Amino acid sequence: MTLSILDWGIIGFYLVICMAAGIWMRRYVRGVADFAVAGREMNVNTGIASLAATELGLVTVMYTAQLGYEKGFAGATVGVIMALAMYGVGLTGFVIGPLRRSGVMTIPELFEDRFGTPVRWLAGLFVVLGGVLNMGVYLRVGGEFLVYVTGLPPYALELIMIGLLALVLLYTVLGGMLSVLVTDYLQFLVLGFGIVLTSVLVIYNIGWSTLVQQLWISWDGTRADGGGRLGSHPFNPFHSSSLGWGYILWQVVFQIAVVTTWQTQVSRVLSARDEETAKRMYRRSAFYFVGRFALPALFGAAAFVYFSGHGGLPEGLDSRTAMPAYLATILPVGVIGLVIAGMLAAEMSTDSGYLLTWATVIYNDLIMPCVRRPMSGPARLLLTRCLVCAIGVFLVFYGLLYELKGNVWDYLAVTGNIYLASVFTLLVSALYWPRANRYGAFAALVLGAIGPLTFLIVNGRVDEAHQIAPQVAGASSFGLAFLGMIVGSLVTPAPTPKPTPKGVS
């Protein structure tokens, strides 16, 4: 064990405060609107804190650190692309403006006005499928961090996964989005301080000039101490050994789709007071996403340099678990407890926001369109809470059974593409292309999921040499989705003119 009584005390104190704040908000939940979108009263500052906290989870720290370990500072390029996409969308209001004006609770709900109930239902199914599979590795990856940073035995992983889920479920089921917003604000403060403090200590431990120098000589093969060789250019993401042009171009399209279509981010848009609040929230939080990738990538790059100078990775570690093992060696007593509390804050914030989001989509877009008799308010609220619990149970079993191969970020990006490519296509078409119809929508949904699902099935069964490249699966999903929408709409009768969807202009 690497933690002292002081460290455990800091962690326990934070968990008590966080849980109490989340449970306290239960009294303000009067219906599904309060539970799912916080009564649409989110202001800019709360929205920034909630968005930043939800989108920086422990899994985020792990996969960005893995990118840093494998690709050096070039691994943070994804964060720069995301920040630019977010600022551009916040500046122009592309998609999010008319989406917020529509007054819907989820994205698929918008499709019913334009394409009909079957399209809404199928879109909701793909949203849930992509979102839940994407979230399926969160508990495992978060548990791995806690195992390696605390020194707990590996068999404790399953217990940690269940414990994390139980804590999150308790306040999410009771307070919904209101609890998520309050706990997100606390977690934003704790996590921000913890990550900045860790960054300072990492640079102090390695030294900035030493870090840069060792990354460079590990790349060009001039190390004299026999340390590890970095197989990717640590500073040039366009280099063929690094991300490469194809991967970066896919990420540009992917990140535009993420900031306009990823339901956990869009749920903050739909919870905002008005369209201008949503746009300001995006603009003011955009640069945060650079740090979201850059600082954990710094941890991963430092872990590579540290272990390379100490004879390589110890047995049992890999590029994913190197970072927490490294932090366990450099963080002093008290500080490591504070950092773990911040990381727990990240994990709980992300899990709570994601659980609530996917449960809301199932309730709003898969179940309610099939219900013939209206349900009472208490019954709808109980159903949504039960869905949160059901998703949580599924995540535990999926996390234990699915063998994650390769880079975590590639898995997350491709599973997200299961619905991002097709739903992004439908969203843009519904808002900006009058010729789009339900036939094109069905074609886009089906074709857009082919690439990511093939990636998951094939790469889970074959060795690394025969796996499908993530950029191939991701880019093909966008190409096929847009092709399906365009061809499907043009070769079938034009849609009958209908009133513009609520709030859309």
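In the stretch 58-115, what residues are touching a residue at least 24 places away in the same chain (Cβ under 8 Å), in a helix (DSSP H, G or I) and among the β-branched types (Val, Ile, Thr)?
If the condition is that a residue be touching a residue at least 24 places away in the same chain (Cβ under 8 Å), in a helix (DSSP H, G or I) and among the β-branched types (Val, Ile, Thr), then 59, 60, 61, 64, 77, 78, 80, 81, 89, 96, 107 are the ones that fit.
Working carefully through the options 436, 481, find the one that is under 26 Å from residue 95 (Cα atoms), touching a Lys or Arg at 6+ places or on another chain (Cβ under 9 Å) and hydrophobic (A, V, I, L, M, F, W, C).
436
Identify, from the list 272, 294, 341, the residue that is within 30 Å of residue 101 (Cα to Cα), within 24 Å of the chain's Cα centre (by Cα) and not basic (Lys, Arg).
Just a single option satisfies the conditions, and that option is 272.
Could you please let me know if residue 436 is modelled with pLDDT of 85 or more, part of a loop (DSSP other than H, G, I, E, B) and either closer than 19 Å to residue 124 by Cβ or of a type in the set (A, V, I, L, M, F, W, C) (or both)?
Working: modelled with pLDDT of 85 or more: yes; part of a loop (DSSP other than H, G, I, E, B): yes; either closer than 19 Å to residue 124 by Cβ or of a type in the set (A, V, I, L, M, F, W, C) (or both): yes.
Spelling it out, residue 436 is indeed modelled with pLDDT of 85 or more, part of a loop (DSSP other than H, G, I, E, B) and either closer than 19 Å to residue 124 by Cβ or of a type in the set (A, V, I, L, M, F, W, C) (or both).
So is residue 312 touching a Ser or Thr at 6+ places or on another chain (Cβ under 9 Å) and in contact (Cβ under 8 Å) with a residue 24 or more places away in the chain or not?
Values: touching a Ser or Thr at 6+ places or on another chain (Cβ under 9 Å): no; in contact (Cβ under 8 Å) with a residue 24 or more places away in the chain: yes.
Judged against the criteria, residue 312 is not a match.
Looking at the stretch 350-366, I want the residues that are farther than 10 Å from residue 388 by Cα and have a partner that is part of a helix (DSSP H, G or I) and of a type in the set (Lys, Arg) with Cβ atoms under 7 Å, at least 6 apart or on another chain. Which pairs are those?
365/120
I'd like to know if the stretch 346-362 contains one or more residues that are more than 24 Å from the chain's Cα centre (by Cα) and on the phi < 0 side of the Ramachandran plot.
For the stretch 346-362, residues more than 24 Å from the chain's Cα centre (by Cα) and on the phi < 0 side of the Ramachandran plot: absent.
Residues in the stretch 399-413: is at least one closer than 14 Å to residue 478 by Cα and part of a helix (DSSP H, G or I)?
Taking every residue of the stretch 399-413 in turn, at least one turns out to be closer than 14 Å to residue 478 by Cα and part of a helix (DSSP H, G or I).
I'd like to verify a number: residues in the stretch 456-483 that are part of a helix (DSSP H, G or I) and modelled with pLDDT of 75 or more, how many?
Qualifying residue count, the stretch 456-483: 16.
With 420, 453, 447, 427 as the choices, which residue is surrounded by fewer than 22 Cβ atoms within 10 Å (Cβ to Cβ) and not in a loop (DSSP other than H, G, I, E, B)? Steps first, please.
Numbers: 420 fails: surrounded by fewer than 22 Cβ atoms within 10 Å (Cβ to Cβ); 447 fails: surrounded by fewer than 22 Cβ atoms within 10 Å (Cβ to Cβ); 427 fails: surrounded by fewer than 22 Cβ atoms within 10 Å (Cβ to Cβ).
Going through 420, 453, 447, 427 in turn, the sole match is 453.
I'm trying to understand the selection: among the residues of the stretch 400-413, which are modelled with pLDDT under 75 and either touching an Asp or Glu at 6+ places or on another chain (Cβ under 9 Å) or over 22 Å from residue 56 (Cβ atoms) (or both)?
Pass one, the stretch 400-413, residues modelled with pLDDT under 75: 400-406.
Of everything in the stretch 400-413, those that are modelled with pLDDT under 75 and either touching an Asp or Glu at 6+ places or on another chain (Cβ under 9 Å) or over 22 Å from residue 56 (Cβ atoms) (or both) turn out to be 400, 401, 402, 403, 405, 406.
Is it fair to say residue 152 is outside any helix (DSSP H, G or I), out of contact with any Lys or Arg (no Cβ under 6 Å at 6 or more places or on another chain), surrounded by fewer than 23 Cβ atoms within 10 Å (Cβ to Cβ) and modelled with pLDDT under 85?
yes
Within the bounds of the stretch 37-55, is there any residue that is part of a helix (DSSP H, G or I), surrounded by fewer than 24 Cβ atoms within 10 Å (Cβ to Cβ), out of contact with any Gly (no Cβ under 6 Å at 6 or more places or on another chain) and modelled with pLDDT of 85 or more?
No, the stretch 37-55 has no match at all.
The values are calculated or read from the model by the stated rules, or taken from the named source; none is laboratory data. None of these values were measured; they are calculated from a predicted model. When we count neighbours, we look across all protein chains shown, and the Cβ atoms used for this are built from the backbone with ideal geometry, even at glycine.
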